[in-house]
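Novice: So that we are looking at the same thing, I have put the structure below in structure tokens.
The values are calculated or read from the model by the stated rules, or taken from the named source; none is laboratory data. Quick caveat, the model's predicted, so the values are computed rather than measured. Here the Cβ positions follow ideal geometry from the backbone for every residue, glycine too, while neighbour counts run over all protein chains shown. What goes into the accessible areas is simple: the full protein's heavy atoms, side chains included, and nothing from ligands, DNA or RNA. Shrake-Rupley method; radii C 1.70, N 1.55, O 1.52, S 1.80 Å.
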Amino acid sequence: PGRARRLLLSQLFQPLNLQVGGEAGLEGRPGEPLCRSQKLMLQGGLIHPASPGCYYYLPPTVRAMEKLVKVMDEEMQAVGGQKLNMPSLSSAELWRASGRWEQMGPELFRLADRHGKRYCLGPTHEEAVTELVAAHSNLSYKQLPLRLYQVTRKFRDEPKPRFGLLRGREFYMKDMYTFDASEEAAWQTYDLVCDAYRSLFDRLGLPFVKVRAATGSIGGTMSHEFQLPADVGEDRLVLCPDGHFAANVETLNGEQTSCPTCREKLTQTRGIEVGHTFYLGTKYSSVSNAVFLSPENKPQLAEMGCYGLGVTRILAASIEVLSKEDSIRWPSLIAPYQVCFIPPKKGSKEEEEGAALLERVYDDLTEALPHLAGDSVLDDRMQLTIGKRLKDANKLGYPYVVIAGKRVCEDPPVFEVWNQNTGEVLFLTKEGVIELMSKVQVP
């Protein structure tokens, strides 16, 4: 009850390694390249290596991830998505029936329980969800479309995990599986979910491209990837400069150099895959006999689609494409904390008055804008200069930094406010600071 407790930087579990020069002291075998997001996330105390391709996600990362999942929930529920949760352990029988137990090869983490029953750790959940829907054999066409999704840990035994959260063995993913009454309806669902993905990346301010892709081990007849262009990306893409055509190189027959629509020369770039959509048809529903009753009361196989978004990969990829070499930049919507308050240095002439005034701004702000109460941090390391703490705040990528500097002793007191994403510096009274922060969105 009463005022929100102030979040003090000194008490947050975020072991900062910001002084590390270059790549010394960071993970990785000698000579193994670190990409920008991996380096920044290690230095900023956002992740900590556990074993190859597996990480501890530290509290700020979990905050960003929870915000991202909230935005995903909004977009999925806007297209009629219903959230569920499926077991990570999936029985070998299910995977043998679909043919993927053998097809997936060594990427599948396989294990046996004490009774000798074989399982895999789910890298994806087509078999499981189809089995679930098939178990409800009295499904009517009136209950379709069914759009079920989850956000969960996935496992893939990568031969060479690298680049931090971009290519790990354990990761978080949002996966949606849809069941429709006809092929036409299933294509409408496909377009609808693709639009929801567009909306998500637009809200995050990420420069994505949607490209034609191979269906790989998931299967189906059509697939698209949502890619963030980046030098470190593992996918090679070809794009028409006028936007008529975009594809992953692996889908092309031979060397296609011009756009099939306008004949313009295609440009090449690399990308990080952050989303993937598949039209599956009846590939899985026919195996598990996932049927619904038609208007004529006849059992009919459901037409399926599946749609994935890499949650932890989007976090790392957004840092990869938005950040500067030594400073993290988050999509504003999902930054772990929105604002950092920096009081004067201990022993400075502004110290006594400035610290009290800044704390009052903090308290008044969180009272006026309660949704920012958990999103405001006070950098209480007052033995450090303002400049040093501002530099750290810049590296950690808080969208806003509010400083009690030289002008805090004026009448009325004036605070220095840095908008990290635009590089703009404003001088504002307390009311001005609250007014500016009232525009900040938090999911």
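Novice: So for region 60-78 (the condition being of a type in the set (Asp, Glu), open to solvent by less than 70 Å² (accessible area, probe 1.4 Å) and over 29 Å from the mean Cα position of the chain (by Cα)), does at least one residue qualify?
Specialist: No; the residues of region 60-78 include none that is of a type in the set (Asp, Glu), open to solvent by less than 70 Å² (accessible area, probe 1.4 Å) and over 29 Å from the mean Cα position of the chain (by Cα).
Novice: What's the total number of residues in region 363-389 that are open to solvent by less than 30 Å² (accessible area, probe 1.4 Å), under 29 Å from the mean Cα position of the chain (by Cα) and either among the aromatic types (Phe, Trp, Tyr) or within 20 Å of LEU12 (Cα to Cα) (or both)?
Specialist: 9
Novice: Can I ask one more? Taking into account only those residues within region 338-362 that are open to solvent by 10 Å² or more (accessible area, probe 1.4 Å) and assigned to a helix (DSSP H, G or I), which is nearest to PHE415 (Cα to Cα)?
Specialist: Across region 338-362, the extreme among qualifying residues is LEU357.
Novice: State all residues of region 119-133 that are open to solvent by 20 Å² or more (accessible area, probe 1.4 Å) and either more than 15 Å from LEU84 (Cβ to Cβ) or in a loop (DSSP other than H, G, I, E, B) (or both); if no residue qualifies, say none.
Specialist: TYR119, LEU121
Novice: What pairs come out if I take residues in region 120-139 that are assigned by the TED database to the domain that holds ARG110 and without any contact (Cβ under 8 Å) to a residue 40 or more places away in the chain and pair them with residues that are part of a helix (DSSP H, G or I) and hydrophobic (A, V, I, L, M, F, W, C) whose C-beta lies under 8 Å away, six or more apart or interchain?
Specialist: CYS120/ALA92; CYS120/TRP95; CYS120/TRP101; GLY122/ALA128
Novice: Filter region 396-413 down to the residues that are outside any helix (DSSP H, G or I) and closer than 15 Å to CYS340 by Cα and list them by number.
Specialist: Hits for region 396-413 are GLY397, TYR398, PRO399, TYR400, VAL401, VAL402, ILE403, ALA404, GLY405.
Novice: For region 390-411, indicate whether the set of residues that are over 31 Å from the mean Cα position of the chain (by Cα), open to solvent by less than 10 Å² (accessible area, probe 1.4 Å) and β-branched (Val, Ile, Thr) is non-empty.
Specialist: Checking region 390-411: at least one residue is over 31 Å from the mean Cα position of the chain (by Cα), open to solvent by less than 10 Å² (accessible area, probe 1.4 Å) and β-branched (Val, Ile, Thr).
Novice: So, one more: Identify, please: which residue in region 177-213 is of a type outside the set (S, T, N, Q) and more than 23 Å from the chain's Cα centre (by Cα) and is, among those, nearest to TYR141 (Cα to Cα)?
Specialist: Within region 177-213, the match that is nearest to TYR141 (Cα to Cα) is ALA181.
Novice: A further question follows. Residues in region 414-438 that are assigned to a loop (DSSP other than H, G, I, E, B) and at pLDDT 95 or above: how many?
Specialist: Residues in region 414-438 being assigned to a loop (DSSP other than H, G, I, E, B) and at pLDDT 95 or above: 3 in total.
Novice: Further, regarding this structure: Out of curiosity, is GLY216 surrounded by 16 or more Cβ atoms within 10 Å (Cβ to Cβ), modelled with pLDDT under 95, over 21 Å from the mean Cα position of the chain (by Cα) and not hydrophobic (A, V, I, L, M, F, W, C)?
Specialist: No, not satisfied.
Novice: Is at least one residue of region 101-115 assigned by the TED database to the domain that holds LEU200, farther than 28 Å from ILE319 by Cα, open to solvent by 70 Å² or more (accessible area, probe 1.4 Å) and part of a loop (DSSP other than H, G, I, E, B)?
Specialist: yes
Novice: Among the residues of region 193-207 satisfying the criterion of being touching a strand residue (DSSP E or B) at 6+ places or on another chain (Cβ under 9 Å) and either open to solvent by 70 Å² or more (accessible area, probe 1.4 Å) or of a type outside the set (A, V, I, L, M) (or both), which is nearest to SER294 (Cα to Cα)?
Specialist: CYS194
Novice: Out of curiosity, is GLY254 assigned to a loop (DSSP other than H, G, I, E, B) and under 24 Å from GLY220 (Cβ atoms)?
Specialist: Yes, satisfied.
Novice: Output yes when any residue across region 149-165 is in contact (Cβ under 8 Å) with a residue 12 or more places away in the chain, buried (at least 22 other Cβ atoms within 10 Å of the Cβ) and part of a helix (DSSP H, G or I), and no when none is.
Specialist: Yes, that holds for at least one residue.
Novice: Of the conditions (1) of a type in the set (Gly, Ala, Ser); (2) touching a Pro at 6+ places or on another chain (Cβ under 6 Å); (3) at positive phi, GLY216 fails just one. Which one is it?
Specialist: (2)
Novice: Suppose we filter region 280-337 for residues that are assigned to a loop (DSSP other than H, G, I, E, B) and polar (S, T, N, Q); how many remain?
Specialist: Of the residues in region 280-337, 6 are assigned to a loop (DSSP other than H, G, I, E, B) and polar (S, T, N, Q).
Novice: Pairs needed: first member in region 103-114, under 15 Å from LEU89 (Cβ atoms) and of a type in the set (Gly, Ala, Ser); second member anywhere, open to solvent by 70 Å² or more (accessible area, probe 1.4 Å) and modelled with pLDDT of 95 or more; C-beta distance under 9 Å; at least 6 residues apart or different chains.
Specialist: Matching pairs, first to second residue: ALA112/ARG118.
Novice: What are the pairs with Cβ atoms under 7 angstrom where one residue, in region 179-194, is in contact (Cβ under 8 Å) with a residue 60 or more places away in the chain and the other, located anywhere, is in a helix (DSSP H, G or I) and open to solvent by less than 40 Å² (accessible area, probe 1.4 Å)? Sequence gap at least six, or different chains.
Specialist: PHE179/VAL133; ASP180/ALA186; ASP180/THR189
Novice: In region 259-275, how many residues are open to solvent by 30 Å² or more (accessible area, probe 1.4 Å) and either within 26 Å of GLU75 (Cα to Cα) or part of a strand (DSSP E or B) (or both)?
Specialist: So the count comes out to 6.
Novice: Taking region 385-425, which residues are β-branched (Val, Ile, Thr), closer than 24 Å to SER37 by Cα and touching a residue at least 12 places away in the same chain (Cβ under 8 Å)?
Specialist: VAL401
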